[in-house]
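Chemist: First the structure, which I've put down as structure tokens, then a few questions once you've had a look.
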Amino acid sequence: MSYVDEVLRRVSDKNYSEPEFIQAVTEVLESLRPVIEKHEDKYRKEALLERLTEPDRLVKFKVPWVDDNGNIQVNTGYRVQFNNSIGPYKGGLRLHPSVNTGIIKFLGFEQVFKNSLTGLPIGGGKGGSDFDPKGKSDREVMAFCNSFMTELYKYIGADCDVPAGDIGTGAREIGYLYGMYKKLTGRYEGVLTGKGLSYGGSLARKEATGYGLVYITDELLKDHNDSLKGKEVVVSGAGNVAIYAIEKATQLGAKVLTCSDSTGWIYDPDGIDLELLKEVKEEKRERLTAYKAKKPNAEYYEGKGVWSVKCDVALPCATQNELDLDDAKMLVENHVLAVCEGANMPTTLEATEYLKENNVYFIPGKAANAGGVATSALEMSQNSERLSWTFEEVDSKLHGIMTNIYKNISDAAIRYDCEGDYVVGANIAGFEKVCDAMLSQGLY
Ligand code: NDP
Ligand code: 2IT
């Protein structure tokens, strides 16, 4: 049996109750076949793939807090420190009821390759909790964050592990977490990113993931003698990534027709009204029905459905496995040109295969959404030198990083005779640096 098959079987057997983790590992190892085959004996002897697919450590802890009715609630907190061979662990904290060990491990594993692709010195980590911030008062969110940090602070630090935002964790949550970290340790350091601008945050971090996604999408189209200008774009999600992807796509001359949340979706024939969307989601934390109420010309539908809308470019920006084979078939039938992932692993393995077979350009999340964590690393640099850069400075560095990622994943695919396969390109380009660093540092 080939080394890749051996390790895939081992990972599936060992982690049988973690389907998302198995899915993420399968996608990466399948792409790495040509690289591994070249050095099969050496890598097997080094147990390189076993070491790569086993996190350095995973902490799981109790998070008790008191709700507004005086009742005690108990959630589970997680932090996975997956691989720090190229830099301190870095990755977000997800607060969503669906969070479990397998979800956190899949996200941590993806983060290792994504962070490598940024070209910056950051390793891979992820964390979170099954706590749901939706519908909670600010006081309840603070009570949860305080309790979460009283355990998490033992494992993190500016030079060791630097968490940030993800689903359900935005500026409000990062602020409460930072306050408690400071109180517990007495240290004012860049231990979290996505901080507010008044206490060490970076300009353009809020916009970075969505902007970066659109920069790389535009780069892809330009490489194929096209551009985003005049394109019709379908976006899923209505959170941090979706909002700033809509903003940048609109600035570059595209028309964004949709957005969605977990209860329904909007089709706006005039193009999504960004100011209204920000008011509904960022300020008032409302459902998308509030968008429809203020914009009668838009259509609102319950459930999922954005992939049925005819478009040139699709940007999934909500959550994992939100774009399945049936959705891919609808997109292909409607002649979609490109699918670029703003979320982490939003496209199922079958849907990805179908899109690629039908010549749809496809950029996987670990490359397409890397602008967020890259800008987090820029926030860490600013904190270390105790300076703040301007919006333009950070944004232009972000643009440069995304252009570079596109070039690297495109070149890696060409080197392995897979021109245009950006999944293979991203996995190989991300892997090469981590592999080299792991082998250089010996067994640890
Ligand atoms: P937010 O919490 O800001 O927004 C998430 C959006 O997706 C909301 O509209 C939410 O709807 C929707 N959503 C979440 N879960 C589901 C679900 N199970 N079914 C349907 N809709 C869902 O998160 P972000 O925008 O930060 O994150 C979106 C994606 O991007 C995630 O996959 C995240 O891992 C990834 N990502 C985020 C980065 C960042 O910098 N924030 C960086 C790189 C990747 P509702 O409010 O109704 O739950
Ligand atoms: O998935 C991701 O890359 C993030 N949620 C951002 C992580 C970070 O450290 O900024």
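Coordinate-derived values only; no laboratory data. Keep in mind it's a predicted model, so treat the numbers as computed, not measured. Every residue, glycine as well, gets a Cβ built from its backbone with ideal geometry; the counts of neighbours run over all protein chains shown.
Chemist: What is the diffusion coefficient of the range 71-148 in µm²/s, taking the Kirkwood radius over Cα pairs and the Stokes-Einstein relation at 20 °C with a viscosity of 1.002 mPa s? Kindly include the intermediate steps, with their values, before the conclusion.
Modeler: Values: Rh = 13.3 Å.
Rounded, D is 162 µm²/s.
Chemist: Now, a different point. Select from 78, 383, 210 the residue farthest towards the positive end of the dipole of the chain; place +1 on Cβ of Lys and Arg, -1 on Cβ of Asp and Glu, and compute about the Cα centre.
Modeler: Going by the Cα projections, it comes out as 383.
Chemist: Nearest-5 percent of antiparallel DSSP beta bridges in the range 195-329?
Modeler: Within the range 195-329, antiparallel bridges account for around 50 percent of the total.
Chemist: Ok, one more. Rounded to whole Å, give me the distance from the Cα center of the range 71-115 to that of the range 200-252.
Modeler: 25
Chemist: Next question, about the same structure. Need one number: the % of Cα-Cα pairs in the range 6-153 sitting beyond the 20 Å mark. Could the numbers behind the result be given before it?
Modeler: Working: 5851 of 10878 pairs.
Value for the range 6-153: 54 percent of Cα pairs lie more than 20 Å apart.
Chemist: Let me ask another. For a protection proxy built on the mean count of beta-carbon atoms within 10 angstrom, sort 34-43, 420-429 highest first, please.
Modeler: 420-429, 34-43
Chemist: Taking θ = phi - 60°, what integer Hz values does the Karplus form 6.51 cos²θ - 1.76 cosθ + 1.60 yield along the range 362-372, in sequence order, with x for Gly and Pro?
Modeler: Along the range 362-372, the couplings run 9, 10, x, x, 4, 9, 5, 9, 6, x, x Hz.
Chemist: Here's something else I'd like to know. Please report how many Lys pairs in the range 1-149 have alpha carbons closer than 16 angstrom, counting only residues at least 8 apart along the chain or sitting on separate chains.
Modeler: 9
Chemist: About the Cα centre of the chain, what is the dipole size in debye to 20, counting +1 per Lys and Arg Cβ and -1 per Asp and Glu Cβ, all else neutral?
Modeler: Computed about the Cα centre, the dipole is about 1360 debye.
Chemist: Counting only residues 5 or more places away or on other chains, whose amide H sits under 5 Å from the amide H of residue 91 once H atoms are built in the peptide plane?
Modeler: 125, 162, 164
Chemist: If r is the Cβ-Cβ distance from residue 189 to residue 440 and R0 is 25 Å, what FRET efficiency results, to the nearest 0.05? Provide the component values of the computation, followed by the final result.
Modeler: Numbers: r = 28 Å, r/R0 = 1.12.
That gives a FRET efficiency of 0.35.
Chemist: If you don't mind, another one. Please give the calculated 222 nm ellipticity per residue for the chain, where each DSSP H segment of at least 4 residues contributes -39500 (n - 2.57) and the sum is spread over every residue; nearest 500 deg cm²/dmol?
Modeler: On the way: 17 runs with 215 residues, N = 444.
Computed mean residue ellipticity for the chain: -15000 deg cm²/dmol.
Chemist: Right, another one. Can you find, among 256, 269, 311, the residue farthest towards the positive end of the dipole of the range 255-331? Put +1 on the C-beta of Lys and Arg, -1 on that of Asp and Glu.
Modeler: 269
Chemist: Can you compute the FRET efficiency between residue 38 and residue 321 using 1/(1 + (r/R0)^6), with r the Cβ-Cβ distance and R0 = 22 Å? Round to the nearest 0.05.
Modeler: That gives a FRET efficiency of 0.10.
Chemist: For the chain, take every pair of Cα atoms, bin their distances at 20 Å starting from 0, and report each bin as a whole percent.
Modeler: 27, 60, 14, 0
Chemist: May I pose another question? For the range 59-146, give the magnitude of the charge dipole about the Cα centre (Cβ charges: +1 Lys/Arg, -1 Asp/Glu; no others), in debye to the nearest 20. Write out the running numbers ahead of the final one.
Modeler: Values: 11 positive and 7 negative charges, 71 e Å.
Computed about the Cα centre, the dipole is about 340 debye.
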